[in-house]
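Here is the structure we will look at.
The values are calculated or read from the model by the stated rules, or taken from the named source; none is laboratory data. Model, not experiment: these values are computed from the prediction. Here the Cβ positions follow ideal geometry from the backbone for every residue, glycine too, while neighbour counts run over all protein chains shown. To get the accessible areas, we keep the full protein, side chains included, count just its heavy atoms, and leave off ligands, DNA and RNA. Shrake-Rupley method; radii C 1.70, N 1.55, O 1.52, S 1.80 Å.
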Amino acid sequence: ETVETRIEARDREGRARAVDPRFNVALEASAGTGKTRILVERYVNLLKAAVDPAEILALTFTRKAATEMRDRIVGRLREAASTGEITPARWRQLRDRTGDVAISTIDAFCLSLLREFPLEADLDPGFSVADETAVPRLVDESLDRALRICRGLAREDEHVALVFAQLGDRRARSGLAVLLN
């Protein structure tokens, strides 16, 4: 047995475990290694195991990736139905609910949690998300406020006072802006 065959065997075992809905897994891999294919199989296997599509949380980073993954899942479901991997009765249930196959971006999921539980997040229930044109203004206001607070702290804390003495307001503000970015 060579090193390559042992690596291939471990890879096969890992992929088999990743698509098995009985296990919780964290999937990490480089681009182009088949993560989406594995996640699609896992999702379809959850549906085969009679999990309701509304009970599956699937997250990705971009809208494009979410759309691609959803399209692949629906396509894989059709394929599974045509090859008999899914019973005709289960396919009828799923076919009528393909709209429930939801893949979300991380930011959209977080926003949905904040909208559902604003009080628990200490937010005004009527909060809104700033649009891209408002963000620079809000950042400037936040930096101004942070510097005012730090200037107040500098009167009582010699370490904060030293930062302002060394950097000055302009460089301190610039450094904070870099950290925000």
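Points to keep in mind about this one:
- A probe of 1.4 angstrom, applied to the heavy atoms of all protein chains, finds Ile38 with accessible area near 20 square angstrom.
- Residue of Leu138, Leu113, Leu123 that the Gaussian network model of the chain assigns the largest fluctuation, springs spanning Cα pairs under 10 Å: Leu138
- Selected from Gly152, Gly99, Gly32 as most flexible by GNM, with the chain as the system and alpha-carbon contacts under 10 Å: Gly152
- Simple label model, 7 Å out from Cα along Cβ direction - Leu119 to Arg15, nm: 5.0 nm
- Built amide H within the under 5 Å cut-off of Ala58, gap 5+: Ser104
- Under a model in which nothing but the beta-carbon of Lys, Arg (+1) and Asp, Glu (-1) is charged, the chain shows a dipole of about 580 debye around its Cα centre.
- Of the trypsin sites (Lys or Arg not before Pro) found in the stretch 1-98, those that fall in a DSSP loop while having at most 16 other beta-carbon atoms within 10 Å are Arg22, Arg97.
- Estimated FRET transfer efficiency when R0 is 41 angstrom, pair Glu68-Glu141 (beta carbons, to 0.05): 0.60
- Neighbour cut-off at most 11 other Cβ (10 Å), DSSP loop, GluC sites (Glu not before Pro), the stretch 6-94: Glu28
- Coil-residue chymotrypsin sites (Phe, Trp or Tyr not before Pro) of the stretch 1-76, DSSP, other Cβ within 10 Å capped at 12: Phe23, Phe61
- Within the accessible area of the stretch 51-181 (1.4 Å probe), percent carbon and sulfur: 55 percent
- Taking the empirical scaling 2.2 N^0.38 Å for compact globular proteins as reference, the stretch 68-164 has a Cα radius of gyration ratio of 2.00.
- Given a 1.4 Å probe and the protein chains as shown, Thr67 ends up with an accessible area of around 80 Å².
- Nearest-0.05 FRET efficiency for Arg171 and Glu85, computed from C-beta distance (R0 45 Å): 0.10
- Remark: spin-label model distance Asp107-Asn24 equals 2.8 nm, labels positioned 7 Å along the Cα→Cβ axis.
- The distance from the alpha carbon centre of the stretch 11-32 to that of the stretch 67-119 is 19 Å, rounded to a whole number.
- Rg of the Cα atoms in the stretch 93-138, relative to 2.2 N^0.38 Å, amounts to 1.61.
- Computed [θ] at 222 nm, deg cm²/dmol, the chain (DSSP H ≥ 4; -39,500 (n - 2.57); rounded to nearest 500): -20500 deg cm²/dmol
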